[in-house]
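Asks: Structure in structure tokens, see below.
Just so you know, all these numbers are worked out from the coordinates, no wet-lab data involved. Only a predicted model underlies this, so the values are computations on that prediction, with no experimental measurement involved. Virtual Cβ from ideal backbone geometry, glycine too; neighbours counted across all protein chains shown.
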Amino acid sequence: MRLFDVLVLGPWLLWLGARHRTNLHPIERAGLVAAGALTIAYNAKNYLETEREARLIGAAHIGIIKTRGEE
């Protein structure tokens with residue numbers, strides 16, 4: 001779901017806010033742009049952290065790195 005937010009939802013919100021031919025008030029457009037940018041940033045950060053943790057867990061599982069208590 002995070003990739004969907006980063007690759008589809010966030011850019012769509014940015015596009016909606018950046019469109020000039022719309023009946024939205026400038027504050028509403030700014031809100032859409034901000035929501036899109038924050039959606040991309042927040043979900044990309046979480047996705048990268050989750051992937052990093054998964055790689056570390058996998059590396060610890062096969063013995064590439066030592067975990068706490070194995071020193």
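Asks: Where does the Debye-calculated log10 I(q)/I(0) of the range 2-61 sit at q = 0.30 Å⁻¹, using only Cα point scatterers of equal weight, no solvent?
Replies: These q points yield log10 I(q)/I(0) values of -1.06.
Asks: Can you compute the charge dipole magnitude of the range 2-61 about its Cα centre, using +1 on each Lys and Arg Cβ and -1 on each Asp and Glu Cβ, nothing else charged? Give it in debye, rounded to the nearest 20.
Replies: Numbers: 7 positive and 5 negative charges, 42 e Å.
Approximately 200 debye in magnitude.
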